[in-house]
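Notes to accompany the following structure.
The values are calculated or read from the model by the stated rules, or taken from the named source; none is laboratory data. What you see is a predicted model; the values in this text were computed from it and never measured. Every residue, glycine among them, receives a Cβ derived from its backbone with ideal geometry; neighbour counts consider all protein chains shown. Note: accessible area is taken over every heavy atom of the protein model, side chains too, but ligands, DNA and RNA are not part of it. Shrake-Rupley method; radii C 1.70, N 1.55, O 1.52, S 1.80 Å.
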Amino acid sequence: MNIHEYQGKEILSSFGVRVQRGIVAQDAKEAVDAAKKLTEQTGTGWHVIKAQVHAGGRGKGGGVKLAKNLQEVEEIAGQIIGMNLVTPQTSAEGKKVHQVLVAEDVYYPGDSEPEEYYMSVLLNRATGKNMIMYSTEGGMDIETVAEQTPHLIFNEEIDPAVGLMPFQARRIAFNLGLSGAAFKEMTKFVMALYEAYTKSDSSLFEINPVLKTSDDKIMAVDAKVTLDDNALFRHKDYAEMRDTREENPVEVEAKAVGLNYVDLDGNVGCMVNGAGLAMATMDLIKQAGGEPANFLDVGGTADAKRVEEAFRLILKDEKVKAILINIFGGIVRCDRVAQGIVDAYKNMGDAIKVPIIVRLQGTNADIAKELIDNSGLDVHSAVEFQEAADKVHEVLA
Ligand code: GDP
Ligand code: MN
């Protein structure tokens, strides 16, 4: 689950990671109040107004702006809230901004060169270890750094049995070219950051930039945090951070009925049980000359109600020209699934306007095929994987 920058900073801060302080605001008036409060707390006169959307590159899209007085706070917050922010990480339409973070300006005026670093914590799936990836080249696209100056990106791998060792934090501070007070601050920052990562059950932290101020403070100016959905049950407070306005509406609906659905760009809807089979089915569709319109794992109980819910989700996508149902009847018998498909189809009246190809394999597959073939509906049955692919090819032609 992705969360907003301000929420990510709340989590970091709760583990003792120094962050650029800020207060979230829903409209221009709240932004002014937030700015006044921040001035009381921090003494800052200047503020940065930052769009809160689930996408990076906001600065480039005009979603991060400096305000030098309260009037500018009001003007800029008014501009940003409600705008469709287009960044290199959003679609061409952009993302609607519902709220801004009013943050203290931490790039002190007169600061000759505030230093910006890049730092992320993530799981290296190849080694099965967490790692801290960091670079002296902060504040810019890490992809560009990786392409043009890969030697400026460092990795520190962490043994899961012992956790991050202080010497590793010192190595990071050293490689970033720090000394004196800033060196100490950085080791503290890195240790706290790693603790926050593991204790919050996150799957990604990306802090870009990490800032060194002219008085040698190290702080997180940005925070992209991805929480592990499977661990949210033990972080009720984090679960509440979910902002469904930022998510694909069909995916939100699918989640509410317990279906695993991921929206894709293609023209063939898929309904499959099991994530592995769903992946294989998507490959099959590609081979047949189609493009999967979605990933959908209906799980173990493919009864009429579930099949109907799945149909409704798939059909919300107007690009869908055919639906391929590929179910392995192991625990659930194929004839029950087939009956579910027929019942769901009939229940939906004439809502289904695209051809459906059904491949059922496993227990009672023969009875299932008969049920489908005798239903009188626009449903094509297939027995073999390839046969199903050929039928998809046929109906798309
Ligand atoms: P992103 O563009 O979505 O990654 O948003 P960031 O939070 O990283 O902000 C973008 C850029 O705004 C940063 O790289 C900084 O250069 C700049 N910025 C952030 N905070 C401040 C601030 O307090 N003062 C000034 N002057 N610039 C800031
Ligand atoms: Mn950033």
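Please work out if GLU72 is loosely packed, with under 15 Cβ neighbours inside 10 Å and at pLDDT 95 or above. Write out each step before concluding.
Working: loosely packed, with under 15 Cβ neighbours inside 10 Å: no; at pLDDT 95 or above: yes.
So GLU72 fails the test.
What strands (runs of 3 or more DSSP E) completely inside segment 31-149 contain at least 2 residues that are among the acidic types (Asp, Glu)?
Passing ranges, in order: 115-124.
Test GLU318 against the stated conditions and say whether it is under 24 Å from VAL392 (Cβ atoms), part of a helix (DSSP H, G or I), of a type outside the set (S, T, N, Q) and not assigned by TED's automatic domain parsing to the domain that holds PHE15.
For GLU318, the condition - under 24 Å from VAL392 (Cβ atoms), part of a helix (DSSP H, G or I), of a type outside the set (S, T, N, Q) and not assigned by TED's automatic domain parsing to the domain that holds PHE15 - is not met.
Under the condition of being without any contact (Cβ under 8 Å) to a residue 24 or more places away in the chain and under 27 Å from LYS37 (Cβ atoms), which residue from segment 76-95 is most open to solvent (accessible area, probe 1.4 Å)?
Looking at residues that are without any contact (Cβ under 8 Å) to a residue 24 or more places away in the chain and under 27 Å from LYS37 (Cβ atoms), I get GLN79.
Just checking, does segment 12-21 include any residue being open to solvent by less than 60 Å² (accessible area, probe 1.4 Å), part of a strand (DSSP E or B), within 14 Å of ligand 2 (Cβ to nearest atom) and in contact with a Ser or Thr (Cβ under 7 Å, 6 or more places away or on another chain)?
yes
Considering only residues that are of a type in the set (Val, Ile, Thr) and within 16 Å of ligand 2 (Cβ to nearest atom), look in segment 24-67 and name the one that is nearest to the chain's Cα centre (by Cα).
Taking the candidates together, the pick is VAL53.
Of the numbered conditions (1) out of contact with any Lys or Arg (no Cβ under 7 Å at 6 or more places or on another chain); (2) farther than 30 Å from PHE183 by Cβ, PRO88 fails exactly one; give the number of that condition.
(1)
Can you confirm whether THR136 is in contact (Cβ under 8 Å) with a residue 12 or more places away in the chain and away from ligand 2 (no atom under 16 Å from the Cβ)?
It is false that THR136 is in contact (Cβ under 8 Å) with a residue 12 or more places away in the chain and away from ligand 2 (no atom under 16 Å from the Cβ).
Considering each residue of segment 23-60, count those that are buried (at least 22 other Cβ atoms within 10 Å of the Cβ) and either under 28 Å from GLU93 (Cβ atoms) or of a type in the set (S, T, N, Q) (or both), and give that number.
9
Kindly indicate the residue of segment 127-163 that is of a type in the set (A, V, I, L, M, F, W, C) and more than 26 Å from the chain's Cα centre (by Cα) and also least open to solvent (accessible area, probe 1.4 Å) among those meeting that condition.
Here is the first cut: in segment 127-163, the ones of a type in the set (A, V, I, L, M, F, W, C) are 131-133, 140, 142, 145-146, 152-154, 158, 161-162.
Restricting the remaining residues to those that are more than 26 Å from the chain's Cα centre (by Cα) gives 152, 161-162.
Numbers: LEU152: 46, ALA161: 91, VAL162: 94 Å².
The residue in question is LEU152.
From the set of residues in segment 305-336 that are farther than 18 Å from ASP378 by Cβ and of a type in the set (A, V, I, L, M), which is most open to solvent (accessible area, probe 1.4 Å)? Give the steps one after another, and end with the answer.
Step one: filter segment 305-336 for residues farther than 18 Å from ASP378 by Cβ, giving 305-306, 309, 313, 316-319, 327-336.
Next cut, of a type in the set (A, V, I, L, M) only: 313, 327, 331-332.
Values: LEU313: 5, ILE327: 4, ILE331: 177, VAL332: 21 Å².
Here the answer is ILE331.
Residue by residue, here is whether (1) of a type in the set (D, E, K, R); (2) open to solvent by 50 Å² or more (accessible area, probe 1.4 Å); (3) within 17 Å of the chain's Cα centre (by Cα); (4) closer than 20 Å to GLU5 by Cβ holds:
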{"position": "TYR197", "(1), (2), (3), (4)": "no, no, yes, yes"}
{"position": "ASP215", "(1), (2), (3), (4)": "yes, yes, no, no"}
{"position": "ALA223", "(1), (2), (3), (4)": "no, no, yes, yes"}
{"position": "LEU227", "(1), (2), (3), (4)": "no, no, yes, yes"}
{"position": "GLU240", "(1), (2), (3), (4)": "yes, yes, yes, yes"}
{"position": "THR244", "(1), (2), (3), (4)": "no, yes, yes, yes"}
{"position": "GLU251", "(1), (2), (3), (4)": "yes, yes, yes, no"}
{"position": "ALA256", "(1), (2), (3), (4)": "no, yes, no, no"}
{"position": "LEU259", "(1), (2), (3), (4)": "no, no, no, no"}
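Select the helices (runs of 4 or more DSSP H) contained entirely in segment 179-285, then report the ones holding at least 3 residues which are in contact (Cβ under 8 Å) with a residue 24 or more places away in the chain and assigned by TED's automatic domain parsing to the domain that holds GLY138.
Output list reads 180-199.
Out of curiosity, is ASP243 in contact with a His (Cβ under 7 Å, 6 or more places away or on another chain) and at pLDDT 95 or above?
It is true that ASP243 is in contact with a His (Cβ under 7 Å, 6 or more places away or on another chain) and at pLDDT 95 or above.
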